[in-house]
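The values are calculated or read from the model by the stated rules, or taken from the named source; none is laboratory data. Here the structure is a predicted model, which means the values were calculated and not measured. Methodologically, a virtual Cβ is constructed for each residue, glycine included, from the backbone with ideal geometry; neighbour enumeration extends over all protein chains shown. Quick note on the areas: whole protein, heavy atoms, side chains included, nothing else; ligands and nucleic acids left out. Shrake-Rupley method; radii C 1.70, N 1.55, O 1.52, S 1.80 Å.
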Amino acid sequence: MATAEQNVLKPDFGAKRKHFIFTDEHEQLRESIRAFATKELAPHAEEWEETTFPNWVFTRMGELGFLGLDKPEEYGGQGGDYYSAIVLAEEIGHSNSGGMCMGVAVHTDMAMPPILAFGTEEQKQEWVVPAIKGEKILCLGITEPDAGSDVAGIKTRAVRDGDEYVINGSKTFITNGHRADAIVLVTKTDPDAGYDGFTLFIVPMDSPGVIREKKLEKLGMHASDTALLAFQDVRVPDTAVLGEVGKGFYHIMWELQGERLHGAAGCVAGAQRCFDRTLQYAKERTAFGRPIGNFQVIRHKFAEMATKIETGRQLVYTTAWRFQNGEYPVREISMAKLYASQMAVEVADECIQIHGGAGYMKEYGVERAWRDLRLNRIGAGTDEIMLDVIGRSYGI
């Protein structure tokens, strides 16, 4: 006969249960990526802040199969689902190097997907196969000095000349720009056709006329190389066109959806790591004779942060489920990107506050977490653009 004690339900705050979108295979992958990031990448994080991360990271991740988790097996990928890409976005952050994470994400989830989606078989064999192996590095060229959020304002021109195109223009804030072997480049081929006047090209970075002008200095993400690029009479064959001529705007808008959701997942995971690190600090740091975590004001800060993180996690996972099941949920992706990026910065800022003066010092790492996370409110669509996308989706 059951006792009264056995019938009492008690919360188990230490219980761990995977989300319904993940299988045991996803959890095994999670453990593998976390172990790799912790053992092989994290020890170099401080050095890479000064030097940028080396190309062997791509080669090593290619050997481990981490660059093609959700890519087709016929091109050397693992043939996994979109959730495997989410796992990578979450776990690679254990490298403690936001810039390194950004460089890898540009390669795997920004530049590679358009080639797979819109490229010819020849283009996939030339670029995707070695990219998945980590033998070729990719970058994406959208932003220009006078065209950031306003993608329609792009001025880089590609003019047809016989069976070639001649490209002139410039791109800025290009992650991997100094190391990349090829760039997926957004150009304007018909300036009078509006949104139907854009075309994508795959341009080898060793092409005559491609100039890697300047390595840009940034607030955060120091481990990634960010370039100002110029294109001066760069000639490419018509086989360099990616997708359809005149459909480049629509192609790149599709690419941005995956980029935004991937970034949202990374923001949630980054906020969680910052939270965990700060929670440990609050349990060890004493003031007025007791751990600072025992003060109600600090305890409530953790309660609010935890609630925001979990809200972001559920939004990302549910949207990923819709994406994986064939939907194109632009509104929800925009919401996830907006919320997660703002939340992550708020959490990192609060973690600095809880650390006090120590949080402002480099040795504790939370100041770098804030600097690295701050980019997410700008890159891949600013907060303001996300708000406008969401608002317009309701017909206003």
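The rows are residues; the columns are (1) in contact with a Phe, Trp or Tyr (Cβ under 9 Å, 6 or more places away or on another chain); (2) buried (at least 16 other Cβ atoms within 10 Å of the Cβ).
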site: 221; (1), (2): no, yes
site: 238; (1), (2): yes, no
site: 265; (1), (2): yes, yes
site: 271; (1), (2): no, yes
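Yes/no matrix, rows are residues, columns are (1) of a type in the set (Val, Ile, Thr); (2) on the phi < 0 side of the Ramachandran plot; (3) in contact with an Asp or Glu (Cβ under 9 Å, 6 or more places away or on another chain):
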residue	(1), (2), (3)
60	no, yes, yes
79	no, no, yes
89	no, yes, yes
97	no, yes, yes
106	yes, yes, yes
116	no, yes, no
126	no, yes, no
153	no, yes, yes
166	yes, yes, yes
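Among the residues of segment 165-175, is there at least one that is in contact (Cβ under 8 Å) with a residue 12 or more places away in the chain, of a type outside the set (Phe, Trp, Tyr) and in a loop (DSSP other than H, G, I, E, B)? Walk me through it before giving the result.
The first filter runs over segment 165-175 and keeps only residues in contact (Cβ under 8 Å) with a residue 12 or more places away in the chain, leaving 165-175.
So of that shortlist, the ones also of a type outside the set (Phe, Trp, Tyr) come out as 166-172, 174-175.
Now drop any that are not in a loop (DSSP other than H, G, I, E, B), which leaves none.
No - not one qualifying residue is present in segment 165-175.
All conditions in (1) open to solvent by less than 40 Å² (accessible area, probe 1.4 Å); (2) modelled with pLDDT of 95 or more; (3) closer than 18 Å to residue 139 by Cβ; (4) not charged (D, E, K, R) hold for residue 211, with the sole exception of (1). Pairing each residue of segment 191-203 that is under 30 Å from residue 136 (Cα atoms) with any residue that is hydroxyl-bearing (Ser, Thr, Tyr) and assigned to a strand (DSSP E or B), provided the two are 6+ apart or on different chains, yields C-beta distances under 9 Å for 198/187; 199/165; 199/187; 200/187; 201/165; 201/187. In the condition set (1) under 28 Å from residue 384 (Cα atoms); (2) modelled with pLDDT of 95 or more, residue 292 is compliant with all but (1).
Against the conditions (1) closer than 22 Å to residue 54 by Cα; (2) surrounded by 24 or more Cβ atoms within 10 Å (Cβ to Cβ); (3) of a type outside the set (Lys, Arg), residue 86 satisfies every one except (1). Every condition in (1) under 25 Å from residue 319 (Cα atoms); (2) open to solvent by less than 90 Å² (accessible area, probe 1.4 Å); (3) in contact with a helix residue (DSSP H, G or I) (Cβ under 8 Å, 6 or more places away or on another chain) holds for residue 52 except the one numbered (1).
Taking the residues in segment 351-396 that are of a type in the set (A, V, I, L, M) and farther than 27 Å from residue 96 by Cα as candidates, determine which candidate is surrounded by the fewest Cβ atoms within 10 Å (Cβ to Cβ). Filtering segment 351-396 for residues that are of a type in the set (A, V, I, L, M) and farther than 27 Å from residue 96 by Cα, the one surrounded by the fewest Cβ atoms within 10 Å (Cβ to Cβ) comes out as 396.
From the residues in segment 241-256 that are open to solvent by less than 10 Å² (accessible area, probe 1.4 Å) and not β-branched (Val, Ile, Thr), which one is nearest to residue 45 (Cα to Cα)? Result: 255.
Quick check on my filter: what residues within segment 176-200 are over 30 Å from residue 220 (Cβ atoms), assigned to a strand (DSSP E or B) and of a type outside the set (Phe, Trp, Tyr)? Walk me through it before giving the result.
First, pick out the residues of segment 176-200 that are over 30 Å from residue 220 (Cβ atoms): 188-199.
Cutting the leftovers down to assigned to a strand (DSSP E or B) gives us 188, 198-199.
Residues satisfying the conditions are 188, 199.
For segment 22-37, filtered to residues that are open to solvent by 70 Å² or more (accessible area, probe 1.4 Å) and without any contact (Cβ under 8 Å) to a residue 60 or more places away in the chain, the residue that is nearest to residue 96 (Cα to Cα) is 31. Here residue 57 fulfils each of the conditions (1) without any contact (Cβ under 8 Å) to a residue 40 or more places away in the chain; (2) open to solvent by less than 50 Å² (accessible area, probe 1.4 Å); (3) of a type in the set (A, V, I, L, M, F, W, C) apart from (1). With respect to (1) among the charged types (D, E, K, R); (2) within 20 Å of residue 371 (Cβ to Cβ); (3) over 23 Å from the mean Cα position of the chain (by Cα), the lone exception for residue 308 is condition (3). The residues in segment 344-396 that are in a helix (DSSP H, G or I) and small (Gly, Ala, Ser) can be counted, and the count is 8.
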